[in-house]
Amino acid sequence: MDKQLNIADILEYAAQYNTDAEIVTRQVEGGIHRYGYRDALDRSKQLANALTKLGVVEGDRIGTLAWNTYRHFEIYYAVSGMGAVTHTINPRLFAEQIVYIVNHADDQVIFVDLTFVPLLEAVKDQIKGVKAFVIMTDAAHMPQCNLPNVICYEDLIAQESKDYTWPEFDEKTAAGLCYTSGTTGNPKGVMYSHRSTILHALSSCRSSALDLGPMSRVLPVVPMFHVCAWGIPYAAPIAGASIVFPGAGMDGASLYELIDDEKATSLLGVPTVWLGLLNYIDSINGHLDTVDSVVIGGSAAPRSMMEKFSEKYGVFPIHAWGMTEMSPMGSLCAMTPYLDSADKEVRMKIQAKQGRAVFGVEMRIVDDNDQPLPNDGKTFGKLMVRGPWIASGYYKNDDRSAFRDGWFDTGDVSTIDPLGYMQIVDRSKDVIKSGGEWISSIELENYAVGHDDVVEACVVGIAHPKWDERPLLLVIKKDGASCTKEDIIAYLSDKVAKWWIPDDVVFVDSLPHTATGKLLKTEVRAQYENHYLNE
Ligand code: ADP
């Protein structure tokens, strides 16, 4: 049958069959909220009725500036289900970038959490196209604010009917919109369809991927404003899993409390979040007894972090890779018989890689002329991907330079080994070119954070009079640590080739990050551009 895929069908299914599952939220207003998929469906339908009355029609973009909560989940389904587009806005972007994307997307309504109301107040005169602002709270918590046309979320839906018939439309209809953080130039919009979102969710929840099922209690720390929390709001209800939403509590103590109280089994987030969590658990002699797996992605997972998760806390680390343009899931390192029986050294070497493509994603590496390179685990090349949930262009943007011959150039440089494991060497703009050879800044950083005194490390290529570029290592030390530059260099010396060793190590108090938590290397390079030229 030619039944078209519609995101709303996921919630209809979950409401009917996943009756044991819970959606638990640490509320922005304080306290814990819990309900089931049936309640979520009813409230999504109430919201769809309310949005229809507000004049929202198919194709309209509806913005959200919000944490991971049950209300954000309801918006995902109501907006996409009625044929409009859920546009998640990353509140960590600069104000001028938020103005740019709200106007570029032409958002008609914006849903906003209490935390981010001041952010919108500051730019309200520059986003005049927005017809209404819905504050995601109840009447008792409504703030004083100077936004025009303000509506309280609970008031908006309170009187609405729970009956709503989702419209039928082509599965290629736009459902979600997410902008890349854009370290240079303006952010670029990536549009997801009902079809791409559902295929991505079906593939990612399988046991050979995120391994979600009715017994899972999945805690996505990765924000719903960053590539839809890696698709968990769609994958979990398909799999029958419960979801634990952390709200605004992203620090180690809040996460630990939620994991422990709610018996979370699967966690997903970026390395910096896990650093905070692990430091906290170490400090209180805590445990992660309920947790089976932790997905680490968005930046390379350091070996030291994976060892701590698996050896100290008995949690299987799943190293994953992807990007906004890929919905985001591209590859991951799932458990296999080979990995299970391999000795520790071999296993760690494999798990340090970004993994094998999930079903639906094809990967290859190519040279500067886009000619395929061998999968020998050694040859570096530009990583190209294609598949049904990979973008074919940017929204209202003519730049097609990354889309060539039916493939998308990820901007990453990687190797692929004969078993199909892909390893990111670097972003192509971050790879260090020293005397005609390439050095991986990521690999150096991963080794550096393995040193006991190091909290965070950043390696950049800096112009050098003799070698073109040489690596510079910046390090944030642990409080009270006394290590020296010589200690760090000695520590690295038996781990990488001699010519990879950074020429200098600088100790710093902080490092700049992008809105999605990655090291902002453009800024570091600019700050240290003359470091080796002045020697
Ligand atoms: P942004 O909006 O900041 O570009 P994305 O989340 O789309 O955010 O970033 C995607 C990029 O993040 C990838 O192209 C890759 O460079 C990096 N990345 C993601 N996961 C990993 C990983 N496991 N290891 C190394 N780099 C990663």
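Miscellaneous remarks
- Tensor-based shape of segment 267-428 (alpha-carbon gyration tensor, a/c under 1.5 rounded, otherwise prolate or oblate): prolate
- Percent of Cα pairs in segment 412-494 per distance bin of 10 Å, from zero to the largest separation: 17, 41, 32, 10, 0.
- Among the protein heavy atoms of the chain, carbon and sulfur supply 49% of the accessible surface, probe 1.4 Å, non-protein parts ignored.
- Each label point was placed 7 Å from the Cα along the Cα-to-Cβ direction; for E523 and D405 their separation is 3.8 nm.
- Cβ-Cβ FRET estimate between S341 and C145, R0 fixed at 60 Å, reported to 0.05: 0.50
- Antiparallel beta bridges, as assigned by DSSP with both residues in the chain, represent about 55 percent of the total such bridges.
- For segment 1-147, the per residue solvent-accessible surface stands at 38 Å², with DNA, RNA and ligands left out and a 1.4 Å probe.
- With q set to 0.12 Å⁻¹, the log10 of I(q)/I(0) for segment 340-443, from the Debye formula over equal scatterers at the Cα positions, is -0.45.
- Available extension along the chain between K429 and Q16 is 143.8 nm, counting 0.36 nm per residue and deducting the alpha carbon span.
- Cα gyration tensor shape for segment 183-248, rounded if a/c is under 1.5, else prolate or oblate: oblate
- Two-site FRET efficiency, K162 against M1, from Cβ-Cβ distance with R₀ of 41 Å, rounded to 0.05: 0.90
- Peptides 123-132, 149-158, 346-355, ordered by how many other C-beta atoms sit within 10 Å of their residues on average, highest first, read 346-355, 149-158, 123-132.
- Derived scalar couplings between HN and Hα for segment 271-285 equal x, 5, 5, 5, 4, x, 5, 5, 4, 5, 5, 4, 5, 10, 6 Hz in order, rounded to whole Hz, by the Karplus curve 6.51 cos²θ - 1.76 cosθ + 1.60 (θ = phi - 60°), x for Gly and Pro.
- Contact order, relative form, for segment 107-168: 32 percent (alpha carbon pairs under 8 Å, 6 or more residues apart, mean separation divided by residue count).
- By the Cα gyration tensor, segment 247-334 has an equivalent ellipsoid whose semi-axes, rounded to whole angstrom, run 21, 14, 12 from largest to smallest.
- Convex hull per residue volume in Å³, alpha carbons only, for segment 1-131: 118 Å³
- 19 Å Cα-Cα threshold exceeded, pairs from K429/K518; K353/K495; K349/K495; K3/K162: K3/K162
- For segment 76-133: rounded, prolate or oblate by the Cα gyration tensor [a/c cutoff 1.5]: prolate
- Whole-angstrom gap from segment 281-343 to segment 1-34, using each part's C-alpha centre: 26 Å
- Gain in span if fully extended, F507 to M215, counting 0.36 nm per residue against the direct Cα distance: 100.6 nm
- Principal axis extents of the C-alpha atoms in the chain (largest first, rounded to whole Å): 70, 52, 46.
- Virtual paramagnetic centre 7 Å along Cα→Cβ of E437, amide N under 16 Å, in segment 462-503: 466-472, 493-503
- For peptides 453-459, 160-166, sequence by mean Cβ density within 10 Å, most packed first: 453-459, 160-166
- Short-range pairs are left out: with C-alpha atoms under 8 Å and at least six residues apart, the relative contact order of the chain is 11 percent.
- In the assembled protein chains, D138 presents an accessible area of approximately 50 Å² (probe radius 1.4 Å).
- Highest to lowest packing among 72-81, 382-391, 412-421, 477-486, scored as the average C-beta count within 10 Å: 72-81, 382-391, 412-421, 477-486
- Positive-end residue, the chain charge dipole about Cα centroid, Cβ charges, pick of P502, V294, L11: L11
- Net charge dipole, the chain: roughly 580 debye, given to the nearest 20, about the Cα centre with Cβ charges of +1 for Lys and Arg and -1 for Asp and Glu.
The values are calculated or read from the model by the stated rules, or taken from the named source; none is laboratory data. Model, not experiment: these values are computed from the prediction. Every residue, glycine among them, receives a Cβ derived from its backbone with ideal geometry; neighbour counts consider all protein chains shown. Ligands, DNA and RNA are excluded from the accessible area calculation, which covers all protein heavy atoms including side chains. Shrake-Rupley method; radii C 1.70, N 1.55, O 1.52, S 1.80 Å.
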